[in-house]
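Structure first, then comments.
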Amino acid sequence: MARPRRIVLVRHGESTGNIDDSVYEREPDHALALTERGRRQAEDTGKTLREVFGQERVSVYVSPYRRTHDTLRAFHLDPDRIRVREEPRLREQDWGNWQDRDDVRLQKAYRDAYGHFFFRFPQGESGADVYDRVGGFLESLFRSFEDPDHPPNVLLVTHGLAMRLFCMRWFHWTVAEFESLSNPGNAEMRMLVLGEDGKYTLDRPFERWREPVPYWVTG
């Protein structure tokens, strides 16, 4: 099995929805563009990625949203060294279709009280739903490693929640551990690095907004 030396996760750059949540009332979530600041953020991250990858090949998976595709383009990676696949299972959590700003704010308050992992948005998804589809993607990713010519790098251009849930699934974090973590910033990256012991480690942790609070204690 040709496991990659690096699996890099990157959140999209700042989008119009990150600075004005009323835009969700007028435009579908998947169609939101990057702001100019978001484009610069992605370009800066692209410089780092080009240094990390050097002349090595990269297998790229990108969420089908406009802001993730725009982010990937702003990386300016060498097209001759990347293989790009759009991956719907890496999309943002579905919050429903047209979103009323005041209702979404109310639902977020309900989510904070109920639990970020288990709360399901009306007509949308829960964090647990996203965990399941990210887990399905991971199974596909593992199968791709069976190719002896698999590139030594994997790059996922996705969303903050998907990044945290990917790591939760990979490292077997508990729900309490997941719920204690803050979203990465726009165009922030995390890297899973393969060690000499055959295990992957995270290059740096996600910030925490609180200590893990288990729903119950076992053992």
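The distance between label points at ARG105 and GLU36 comes to 2.8 nm (points 7 Å beyond Cα on the Cα→Cβ vector). Of the GluC sites (Glu not before Pro) found in the range 1-96, those in coil by DSSP whose Cβ has at most 16 other Cβ atoms within 10 Å are GLU56.
Computed on the range 41-130, the Cα convex hull volume stands at 126 Å³ per residue.
I need the GluC sites (Glu not before Pro) found in the range 108-174, filtered to DSSP loop residues with at most 11 other beta carbons within 10 Å of theirs.
Sparse-neighbourhood loop GluC sites (Glu not before Pro): GLU146.
What the phi angles of the range 6-14 give under the Karplus curve with 6.51, -1.76 and 1.60, with θ = phi - 60°, is a coupling list of 9, 10, 9, 10, 9, 7, 4, x, 4 Hz, glycine and proline written as x.
Here the chain is assigned +1 on the Cβ of each Lys and Arg and -1 on the Cβ of each Asp and Glu. Its dipole about the Cα centre then comes out at about 360 debye. When the P(r) of the chain is calculated, the portion above 32 Å amounts to 18% of the C-alpha pairs. Solvent-accessible area of the range 97-159 (1.4 angstrom probe, protein heavy atoms only): carbon and sulfur portion equals 48 percent.
Per residue, the accessible area of the range 146-201 comes to 38 Å² when a 1.4 Å probe rolls over the protein heavy atoms. For SER126, the amide hydrogen comes within under 5 Å of the amide hydrogens of PHE121, counting only partners 5 or more places away or on other chains and with H modelled in the peptide plane.
What does the accessible area per residue of the range 2-90 come to in Å², with a 1.4 Å probe and no ligands, DNA or RNA counted?
48
Here the translational diffusion coefficient of the range 87-161 follows from Stokes-Einstein with Rh set to the Kirkwood radius across Cα pairs; for 4 °C and 1.567 mPa s it amounts to 91 µm²/s. Scanning residues 5 or more positions from VAL84 or on other chains, those with amide H under 5 Å from its amide H are VAL60, with H placed 1.01 Å from N in the peptide plane. Ligands, DNA and RNA left out, the 1.4 Å accessible surface of the range 1-90 is 44% carbon and sulfur atoms. Could you compute the longest span of the chain free of chymotrypsin sites (Phe, Trp or Tyr not before Pro) located in DSSP loops and having at most 12 other Cβ atoms within 10 Å, not counting the site residues? Answer - 99-208.
The values are calculated or read from the model by the stated rules, or taken from the named source; none is laboratory data. Since the model is a prediction, treat every value here as computed from it, not as a measurement. Please note: Cβ atoms are built from the backbone with ideal geometry, for glycine as well, and neighbour counts cover all protein chains shown. What goes into the accessible areas is simple: the full protein's heavy atoms, side chains included, and nothing from ligands, DNA or RNA. Shrake-Rupley method; radii C 1.70, N 1.55, O 1.52, S 1.80 Å.
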